[in-house]
Amino acid sequence: MSSDKAINTEAVGVALVAPEVERVDPNTLGAGKASWGQAAPPSDASAAWICSLLQVGDSFYPTGSYAHSFGLEGLVQEGVVRDRVTLREFIFRSVLPALRCVELPLAAHAWQAFGQENWSKIGELCQLSAALKASQELRTASANIGRQRAELMALLNPHALAVEYLRRAEESGWPFSASVSAALEGRVHGAPQVAVLSSVYYASVASLLSAAMKVLRLGQNASQSLLTEALVAAPAIIAAAGEVSMDQIGWFNPWLDIAAARHETADSRMFIS
Amino acid sequence: MAEFNGHLVLQAEARANGRTVLAAQSFRAPFHLSKPYWDEDARTLLVQVVNPTAGILAGDRLESEIAVAAGASLLVTAPSASRLFQMNGGSAECRQHFVVAKDAWLEVMPEPLVPHRGCSYRQVTRVEVEPGGGLFFADLLMPGRVGHGEAWVWDQLTLEIDVRLGRELILRERLHQSGEELRAMAEWAGSGPGACFGNAVLIGEELANDEAWKKPLVALHRDGLWLGLSRLRLGGWSLKMVAPDGIRLRQGLREVRQILAARSPRLACDPRKL
């Protein structure tokens with residue numbers, strides 16, 4: 001399929017050619033408007049959470065995500081993702097819709113639940129996050145990254161919320177979840193929901209592309225151009241994800257699940273998932 | 001056009017002689033039950049649920065409640081595919097609830113769903129298995145009436161399943177894509193324009209104790225059939241299949257059951273016996 005062929009994926013609000021969208025001025029996130037109508041510069045408070053989110057989203061931050069391809073290596077082994085064109089199809093037909101329908105809504109609900117200290121809902125979200133991943137590798141990837149992020153958060157910023165979350169997760173046997181831990185980070189650092197979802201969105205796509213460069217003949221510019229395209233779609237996807245109710249969370253890609261299941265017993269592999 | 005508020009209630013129990021019987025049953029159109037058959041070899045009661053109408057139409061509301069008590073073993077199947085007809089702005093909904101007690105076995109093996117042009121259908125499945133209970137649940141989906149050149153043209157199709165083991169949610173799946181989205185994914189993955197889906201959940205302690213069955217099962221992934229098996233967080237496996245057509249999908253599922261039957265003899269019960 002030609003990479004510039006526009007196919008509307010109506011139900012998920014994603015098009016292969018990203019639609020024109022209104023860009024969000026990051027200066028307006030969490031900040032008021034200046035009296036002359038221009039965006040006010042970030043306040044000290046927002047500068048703090050922006051820096052903190054940059055830290056937790058950086059590849060330098062040891063979450064372990066560098067060791068995962070999140071199913072991509074399995075799809076490469078099955079011959080489905082072969083080059084930039086088929087990788088792009090995967091991103092726009094599966095990765096971004098799954099972010100919109102699963103990981104971002106999980107993070108949004110968790111961000112709200114942490115704000116209310118609604119621990120029963122947080123426990124429910126942890127279980128739901130694990131149950132949504134039929135493939136053991138994808139589930140374990142999320143659990144390991146989620147655990148690492150939560151423990152690192154409690155270590156670096158011994159905030160009562162992080163400590164209490166770890167205590168309850170341990171006590172109740174909640175499975176860890178990367179999205180729930182991202183929401184926890186956001187709450188600890190005082191980041192608004194839209195910033196947390198943006199951070200999850202960016203980290204998910206960037207991690208995948210970083211893995212893609214190792215398993216495909218894909219250069220820096222090609223991967224950055226895909227990342228840029230995916231980021232153009234971000235505002236619409238993030239806004240839509242915030243509207244997904246708990247019982248609407250879910251996404252269906254049997255090829256990804258099957259490839260991930262087969263990757264578990266592959267003769268050779270570079271990534272854990 | 002008649003609209004149905006159909007219900008099906010089945011309660012399977014074990015008698016002192018070890019046979020499973022339907023201790024309670026109740027159904028209303030479009031559900032109908034054929035005479036159950038006790039498979040002595042597989043030690044399983046086979047029940048066939050028949051829809052004597054053409055299929056599922058706008059306004060239909062279907063509810064199933066099936067419970068299997070300790071010691072009982074039940075296979076619920078259907079003789080033909082469930083056609084989801086064009087609904088002209090209306091919709092249909094099916095809610096099914098399956099409960100499996102400790103030391104009980106339930107297999108649910110319906111024929112595929114076939115969504116016609118313009119149908120709008122939601123199916124909600126809730127499965128609760130007590131620890132020590134066994135389950136094989138398979139849901140099959142065709143892209144449409146492929147033989148008529150009509151595929152991927154439903155208006156709305158939502159298939160949801162929640163599986164709980166000992167009250168803990170171990171699997172949530174939700175298909176809510178448009179036909180065009182799934183068609184494009186099938187093309188991207190090389191499964192072709194007639195791709196069919198099989199989604200199964202397997203729970204059983206006899207399978208957990210010896211996993212030698214896994215190797216021949218995953219070896220079925222060949223000749224256009226995609227098959228993946230992965231362990232759920234607690235007590236079971238998710239089995240997914242994508243086939244280029246319905247014949248290949250059914251053949252794959254038959255082979256899966258044959259392999260599993262070596263470890264779980266109740267899966268030797270032939271669903272087409274009646």
| request: Give me the distance in nm between label points sitting 7 Å out from Cα along the Cα-to-Cβ direction at B:Ala24 and A:Met270, one decimal. | output: 5.9 nm
| said: Once you keep just the Cα pairs under 8 angstrom separated by 6 or more residues, what percentage relative contact order results for region B:62-158? | reply: 31 percent
| message | Can you tell me what share of the DSSP beta bridges in the protein assembly as shown is antiparallel? A percent to the nearest 5 is fine. | response | 45 percent
| said: Based on C-alpha coordinates, I'd like the Rg and Dmax of region A:101-260, in Å. | reply: 15.8, 47
| Efficiency of FRET between A:Glu170 and A:Gln224 - r from beta-carbon atoms, R0 25 angstrom, step 0.05 | 0.05
| message | Inside 10 Å of the C-beta atoms of A:87-100, what's the mean count of C-beta atoms belonging to other chains? | response | 2
| query | Arranged from highest to lowest average of other beta-carbon atoms within 10 Å per residue, in what order do the peptides B:71-78, B:54-61 appear? | reply | B:71-78, B:54-61
| Rounded to whole Hz, the Karplus (6.51, -1.76, 1.60) HN-Hα couplings of region B:43-60, x for glycine and proline | 6, 9, 8, 9, 10, 10, 9, 10, 9, x, 8, 5, x, 9, 10, 4, x, 5
| message | Set the bar at 28 Å for Cα to Cα. Now go through A:Lys133/A:Lys214; A:Lys133/B:Lys214; A:Lys133/B:Lys215; B:Lys35/B:Lys102; B:Lys35/B:Lys214; A:Lys121/B:Lys240 and name every pair that lies beyond it. | response | B:Lys35/B:Lys214; A:Lys121/B:Lys240
| query | B:Lys215 to A:Ala239: FRET efficiency via 1/(1 + (r/R0)^6), r the Cβ-Cβ distance, R0 45 Å, to the nearest 0.05? | reply | 0.45
| message | Using amide H atoms built in the peptide plane, which far-off residues or other-chain residues are under 5 Å from B:Glu128 H to H? | response | B:Phe98, B:Val99, B:Val100, B:Arg164
| request: Would you look at the GNM of chain B, springs on alpha carbons closer than 10 Å, and say which of B:Glu111, B:Glu187, B:Glu63 moves the most? | output: B:Glu187
| task | Would you please calculate the Kirkwood hydrodynamic radius of the protein assembly as shown over all C-alpha pairs and express it in Å, rounded to one decimal? | result | 24.6 Å
| field | Those trypsin sites (Lys or Arg not before Pro) in region A:45-117 that DSSP places in a loop and that have at most 13 other beta carbons within 10 Å | value | A:Arg82
| query | Across the residues of B:171-183, average count of Cβ atoms on other protein chains within 10 Å? | reply | 6
| task | Just need the relative contact order of chain B here, percent rounded to a whole number, with Cα pairs under 8 Å and 6+ apart. | result | 14 percent
| query | With contacts defined as alpha carbon pairs under 8 Å and 6 or more residues apart, what's the relative contact order of region A:101-260 in percent? | reply | 36 percent
| Put a dot 7 Å past each Cα toward the Cβ at A:Met246 and A:Tyr202; how far apart are the dots in nm? | 3.1 nm
| said: Using amide H atoms built in the peptide plane, which far-off residues or other-chain residues are under 5 Å from B:Glu63 H to H? | reply: B:Gly6, B:His7, B:Leu8, B:Arg95
| DSSP-assigned coil residues among GluC sites (Glu not before Pro) in region A:78-149, each with at most 14 further Cβ atoms within 10 Å | A:Glu117
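Within region B:162-204, list the trypsin sites (Lys or Arg not before Pro) lying in a DSSP loop whose Cβ has at most 15 other Cβ atoms in a 10 Å radius. Display every interim value, and only then the final one.
On the way: sites: B:Arg164, B:Arg167, B:Arg172, B:Arg174, B:Arg183; in loops: B:Arg167.
Hits after loop and neighbour filter: B:Arg167.
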| A:Leu155-B:Gln251 FRET efficiency (beta carbon distance; Förster radius 41 Å; 0.05 resolution) | 0.15
| field | For chain B, the spread of Cα positions along each principal axis, largest first, Å | value | 51, 44, 34
| query | Hey, got the average number of other protein chain Cβ atoms within 10 angstrom for residues in B:186-192? | reply | 6
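Computed from the coordinates by the stated procedures, all read-outs in this text should not be read as laboratory data. Values in this document were obtained by computation on a predicted structure and should not be read as measured data. Because the Cβ atoms are built from the backbone with ideal geometry, glycine has one as well, and the counts that use them run over all protein chains shown.
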